[in-house]
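Engineer: Take a look at this one; I'll ask things after.
Only the coordinates and a few stated rules stand behind these numbers; no lab work does. Only a predicted model underlies this, so the values are computations on that prediction, with no experimental measurement involved. Cβ: placed from backbone, ideal geometry, glycine included. Neighbour counts: every protein chain shown.
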Amino acid sequence: MDFTKKTRECVQQIHPYVPGKPIEEVQRELGITSVIKMASNENPLGPSTEVRQALVHHLDKINYYPDANAFYLKEALAKELDVPAEMIVFGNGSDDVNKVLGETLLNPEDEVIIPQPTFSQYEYITLLMGAKPVFVRGEGLEHDLGAMLKAVTSKTKMVFICNPNNPTGTIVRKDELVRFLTALPKGITVVIDEAYGEFVTDPDFLSGLDCLKQGFTNVVVYRTFSKIYGLAGLRLGYAVADPTLTEQMNRVREPFNVNLLAQIAGIAALNSKMHLNLSKELVKSGRSYFYEQLDAMGVKYLQTQANFILIHCGKDSRDIYEFLLQNGIIVRATHSFGLPEYIRVTFGTAEQNERFFRVFKQTMSAESL
């Protein structure tokens, strides 16, 4: 039976997500053992010692279902963020939270404003719910909130802001964000995705959490334990929002959507302050090193506030991506973001960063390609 004609019409519009290649796949396909992954913005330090110990201690409990409401994790996170626990909804990664929010709010014929370029899952949930994505691209690669405001119509239900943005690493400035939220018609939900928020050092950054505390109750903040906390493989993300919205989201989300070990790891990660600081310092030093090397090469890039950098290769980046891959370095080609001349590279350890540039300098020479 051909199911392509039996699925919902909106499913045919969805492009499958293209993840970064896993290390094991590259090892298997290319027959090489020394492979480093600098493609998916993971923490090269891995999880903290406290997380590892907590996981081992609780392995004998995985025969039981997890707490469906993640009570202890929610209490710990509420204390960390200084928000009421009822404002928090957890998910199997922030992708899950995004899906729950879309299923809670979006109807067919609703419009959702999505800046370009940005993370593809905003378009995914819009299409899945039969709503209409309205793409807004500014003159540069940063979010253009003025243009996004002009795109608002009577059908606009939701707006996405990725801050810092993926794949650019750029941020929306404080005054610009406040002006946008103030001017936006009431009743429109603004999702501020801060998956990389913990890496920001620019004082002109305003967190969506502060926006919520300042009375912008239409704001929903996404955050994750996948990046700075090094828990990507356990899938743990969350949203912070007005309690009247989180109550509705909890009706929609699947029961037991956060597994037992993820909840345990999340609590331990919140207590791993030394690891958090080490991760931040690793990214800061990685930024400085990449800027220094790219400037010396004369290669253009975007200043970043995330744990990755968007590099302009000056030509289609497929050959560069493939050359790096053949040499055991996985980066992210950004064709799926509509940026065919760029690659996105996650900052690694000092050794990994140095290895990247040894190979990258070869790829950028005409003799190597």
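Engineer: If we restrict to alpha carbons, what Rg and Dmax does the stretch 28-111 come to, in Å?
Structural biologist: In order Rg, Dmax, the Cα atoms of the stretch 28-111 give 18.5, 51 Å.
Engineer: Might you report the magnitude of the Cβ-based charge dipole of the chain about its Cα centre, with Lys and Arg at +1 and Asp and Glu at -1, to the nearest 20 debye?
Structural biologist: Numbers: 38 positive and 44 negative charges, 36 e Å.
Charge dipole of the chain: 180 debye, to the nearest 20.
Engineer: Also, quick follow-up: For the stretch 235-305, state which chymotrypsin sites (Phe, Trp or Tyr not before Pro) are in a DSSP loop and have at most 16 other beta carbons lying within 10 Å of their beta carbon. Don't skip to the end; give the middle numbers.
Structural biologist: Working: sites: Tyr238, Phe256, Tyr289, Phe290, Tyr291, Tyr301; in loops: Phe256.
Here the sparse-neighbourhood loop sites are Phe256.
Engineer: Could you work out the percent of alpha carbon pairs in the stretch 140-249 separated by over 21 Å, rounded to a whole number?
Structural biologist: That fraction is 36 percent.
Engineer: What residue among Ile188, Cys162, Thr224 has its Cα farthest toward the positive end of the dipole of the stretch 49-270, where the charges are +1 on Lys, Arg and -1 on Asp, Glu, each on the Cβ?
Structural biologist: Value: Ile188.
Engineer: What fraction of the DSSP beta bridges in the chain is antiparallel, stated in percent and rounded to the nearest 5? Walk me through the numbers on the way to the answer.
Structural biologist: On the way: 17 of 37 bridges.
Restricted to the chain, the bridges split so that about 45 percent are antiparallel.
Engineer: Taking H as built 1.01 Å from N, whose amide H comes closer than 5 Å to the amide H of Lys132, not counting residues under 5 places away?
Structural biologist: Glu109, Asp110, Glu111, Val112
Engineer: For labels at Ser120 and Tyr291 in the simple 7 Å Cα→Cβ model, what's the distance in nm?
Structural biologist: 3.1 nm
Engineer: Hey, got the dipole for the stretch 87-151? About the Cα centre, +1 on K and R Cβ, -1 on D and E Cβ, debye to the nearest 20? Working shown, then result.
Structural biologist: On the way: 4 positive and 10 negative charges, 8 e Å.
Roughly 40 debye for the stretch 87-151.
Engineer: Additional query: Roughly how big is the stretch 200-340's charge dipole about its Cα centre, with Cβ charges of +1 (Lys, Arg) and -1 (Asp, Glu), in debye to the nearest 20?
Structural biologist: On the way: 14 positive and 12 negative charges, 54 e Å.
So the dipole magnitude of the stretch 200-340 works out to roughly 260 debye.
Engineer: May I ask you to list the chymotrypsin sites (Phe, Trp or Tyr not before Pro) in the stretch 53-110 that are in a DSSP loop and have at most 12 other Cβ atoms within 10 Å of their Cβ? Walk me through the intermediate numbers first.
Structural biologist: On the way: sites: Tyr64, Phe71, Tyr72, Phe90; in loops: Tyr64.
In loop regions of the stretch 53-110 (DSSP not H, G, I, E or B), the sparsely surrounded chymotrypsin sites (Phe, Trp or Tyr not before Pro) are Tyr64.
Engineer: Rounded if a/c is under 1.5, else prolate if a/b is larger than b/c, else oblate: which is the stretch 205-256, with a ≥ b ≥ c the root eigenvalues of its Cα gyration tensor?
Structural biologist: Details: a/c = 4.42, a/b = 1.18, b/c = 3.74.
Verdict is oblate for the stretch 205-256.
Engineer: Here's a follow-up. Pick out, in residue order, every one of the trypsin sites (Lys or Arg not before Pro) in the stretch 277-347 that is DSSP loop and has at most 15 other C-beta atoms within 10 Å; say none if there are none. Mind showing how you got there, number by number?
Structural biologist: Numbers: sites: Lys280, Lys284, Arg287, Lys300, Lys315, Arg318, Arg332, Arg344; in loops: Lys300, Lys315.
Of the trypsin sites (Lys or Arg not before Pro), the ones in loops of the stretch 277-347 whose Cβ has at most 15 other Cβ atoms within 10 Å are Lys300, Lys315.
Engineer: In whole angstrom, note down how far apart the Cα centers of the stretch 307-324 and the stretch 1-43 are.
Structural biologist: Spelled out, the Cα-based centre of one part sits 18 Å from the other.
Engineer: Still on this structure: Hey, what's the Kirkwood Rh for the stretch 299-356 if you take every pair of different alpha carbons, in angstrom? All intermediate terms of the calculation are to be shown ahead of the outcome.
Structural biologist: Details: mean 1/r = 0.0855 Å⁻¹.
About 11.7 Å, per the Kirkwood formula over Cα pairs.
Engineer: What are the principal axis extents of the Cα atoms in the stretch 49-270, in Å, biggest first?
Structural biologist: 55, 38, 29
Engineer: For a test of the definition: using alpha carbon positions, the gyration tensor, and the 1.5 limit on a/c, classify the stretch 255-306 as rounded, prolate or oblate. Could you put the intermediate results ahead of the total?
Structural biologist: Details: a/c = 5.48, a/b = 2.47, b/c = 2.22.
Prolate.
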